[in-house]
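Note sheet for the following structure.
Just so it is clear, none of the values below were taken in a lab; they were calculated from the coordinates. Every value quoted in this text rests on a predicted model; they were computed, and no experiment measured them. Heads up, the Cβs are rebuilt from the backbone with ideal geometry, glycines too, and the neighbour counts pull from every protein chain shown.
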Amino acid sequence: MGLAKLLRANAHHGAIPPFKRNLLLREFIPSRGFSLQAMNRSGLDFVVFGEAYLLRKRNAFGQVIEMEHMPAINMRVKVDGGFVMLMPDGSRIEFDQEEVEHILNYDVQQNIYGIPDYLGGLQALLLNESATLFRRRYYNNGAHVGYIFYSNDPNMSEKDEEELQAQIAGAKGVGNFRSMFVNIPNGGEKAIQIIPVGDFQSKDDLEKVKNITRNDIIAAWRMNPALAGIIPENSAGFGDIEKIDRVYTNNEIRPICQMFNQVNDTLREDRRIDWKDPETANDSTTSGKESQVK
C-alpha cells in the first residue's frame with residue numbers, strides 16, 4: 001500500500017510507471033489466452049511492485065487456456081505453499097501453487113516476493129515531496145512578513161499610529177503575506193535589521209532541491225530524461241528522440257517482455273502471446289500487417 005500511495009507523491013515518479021507500461025503494451029501482441037487488458041494491469045503491477053500475479057484458467061482437460069490478472073497489492077505468498085488474496089471485506093481467498101502464475105523481479109535477499117528497482121530513490125522522492133509541501137504551506141499559512149513599514153517620526157501621534165496599523169493589517173487577504181508596522185521615535189538608520197537565516201523557501205534553494213531529487217528519481221527508474229518529460233537546459237536538447245526511444249526500448253522494455261514470456265510455458269500452444277519484431281517495430285506498415293496476421 002505504501003508503494004501505491006507514493007505514486008501520487010511526485011509528478012515524475014507517478015508518470016514513469018504508466019509510461020513504461022505503455023511501452024510494454026506497444027510491443028505486446030495479445031492472444032486469446034492473455035488479453036491486452038490483462039497485460040495492461042499486469043504490466044503496471046510489475047513496474048510498480050516488481051511482481052505480477054495471474055490466475056491460470058483451465059478447460060475440462062486441465063489445459064491452461066487463459067491468464068486472468070490478479071491485483072498484486074492484495075496477493076500474499078503462503079508459508080506452506082500456495083497464495084492468498086486479501087479481500088477488502090477482510091476475507092481471504094486461497095489458491096494452490098498450480099493455480100497462480102507468479103512473475104517476479106528477483107531480489108538477492110529473498111525469493112518469495114518480487115521487488116521494484118526504484119527503491120534506492122525513495123529518499124529523494126520523499127525529499128522532493130517535502131520541499132513542495134513546505135513551499136505550499138509557507139504560502140498558505142499567511143504567517144510570514146511581506147514588508148516592514150518602518151517609521152522613526154517622533155511627532156507621530158498615538159492615534160495616527162493606530163490608524164496606520166489598522167490599514168496595514170486590513171490589507172492582508174487570505175493566504176497573502178502579512179505586513180508589519182514598527183514605529184521607533186528618533187530611531188537610527190539601523191534601528192531595525194533583517195538578517196536571513198538560511199531561508200529554505202527561497203527560489204534558488206527550492207529549485208536546487210527539486211532538480212537534484214528529480215534527477216535521483218529518474219535515475220532510480222533508469223529513465224532517459226528525454227522520455228521523462230524533462231525540459232532540456234541547453235539549446236541542443238537531448239538528441240534524436242527516435243534513437244533514444246529505440247535504445248531505451250531495447251535495453252529496458254524488451255527484457256521485461258522476456259520475463260512475461262514465462263506465461264507461454266503454461267498456456268496452451270494456440271493461446272500463447274508474442275511480441276513485435278524489433279527489426280520491424282519502427283515500421284508502421286510492417287507492424288500493422290504483423291499485428292493483423294497475429
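Some points to look at:
- The chymotrypsin sites (Phe, Trp or Tyr not before Pro) found in segment 12-102 that occupy coil by DSSP, while having at most 13 further C-beta atoms within 10 Å, are Phe61.
- Cβ charges +1 (Lys, Arg) and -1 (Asp, Glu), total dipole of segment 1-110, debye: 460
- Estimated at 0.36 nm per residue, the fully extended path between Glu99 and Ile65 surpasses their Cα-Cα distance by 11.0 nm.
- Gyration tensor analysis over the Cα atoms of segment 237-282 returns equivalent ellipsoid semi-axes of 29, 11, 5 Å (largest first, whole Å).
- Cross-linked pairs Lys210/Lys276; Lys5/Lys210; Lys78/Lys276; Lys20/Lys210; Lys20/Lys276; Lys5/Lys243: Cα-Cα separations exceed 26 Å for Lys210/Lys276; Lys78/Lys276; Lys5/Lys243.
- Segment 16-105: trypsin sites (Lys or Arg not before Pro) in DSSP coil with no more than 16 other Cβ atoms inside 10 Å: Arg32, Lys78
- Amide hydrogen proximity for Gly114: with H placed 1.01 Å from N in the peptide plane, the residues at 5 or more positions away or on another chain lying under 5 Å are Asn105.
- A cut-off of 5 Å between modelled amide H atoms, ignoring neighbours fewer than 5 places along the same chain, links Gly33 with no other residue.
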